[in-house]
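Novice: This is the structure I want to talk about, given as structure tokens.
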Amino acid sequence: MQAAWDVLTDAGVPDRAVRVPPSPSLHAASIAGALASISESADCLRPHERECLGAWLAAFRHHWPDRFGAMLGHLGDDMLAAQPASST
């Protein structure tokens, strides 16, 4: 699961106060595959990882809904629905 989490953090999922900017060379299939892998063991995510993943998914869907749908489809929606609600 760590490799899948690394793909998602490379794609922009925040995981620390300071992070390296996303790499432009990531492929949509890698991100979707990593999210699918994470979804299979989502109960293993730590609370802060769940919150970060939820924030990233929500921002992705809000700012780029067409890309979100094309890249992540129903899995993205399902994973977003399963994340903790934002306090904002």
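Novice: Using the structure shown, decide if Ala28 is at pLDDT 90 or above and surrounded by 10 or more Cβ atoms within 10 Å (Cβ to Cβ).
Specialist: no
Novice: Are there any pairs with C-beta distances below 6 angstrom linking a residue in region 26-40 that is closer than 14 Å to Asp10 by Cβ to a residue that is aliphatic (A, V, I, L, M) and outside any helix (DSSP H, G or I), with the two at least 6 apart or on different chains, and if so which?
Specialist: Partner pairs satisfying both residue conditions: Leu26/Ala11; Ile31/Ala11.
Novice: Which condition does His63 not pass, out of (1) modelled with pLDDT of 85 or more; (2) surrounded by 11 or more Cβ atoms within 10 Å (Cβ to Cβ), if it passes all the others?
Specialist: (2) is the only condition that His63 fails.
Novice: Now, a different point. Considering (1) at pLDDT 85 or above; (2) surrounded by 13 or more Cβ atoms within 10 Å (Cβ to Cβ); (3) more than 15 Å from Gly73 (Cα to Cα), say which one Gly33 fails and leave the rest.
Specialist: The failed condition is (3).
Novice: Please go through region 40-60 and give me each residue that is modelled with pLDDT of 90 or more and either among the small types (Gly, Ala, Ser) or touching a Gly at 6+ places or on another chain (Cβ under 7 Å) (or both), ordered by number.
Specialist: Gly54, Ala55, Trp56, Leu57, Ala58, Ala59
The values are calculated or read from the model by the stated rules, or taken from the named source; none is laboratory data. A quick note: this is a predicted structure, and the numbers were derived from the prediction, not measured. Don't worry about glycine lacking a Cβ; one is built from the backbone with ideal geometry, like all the others, and counts go over all protein chains shown.
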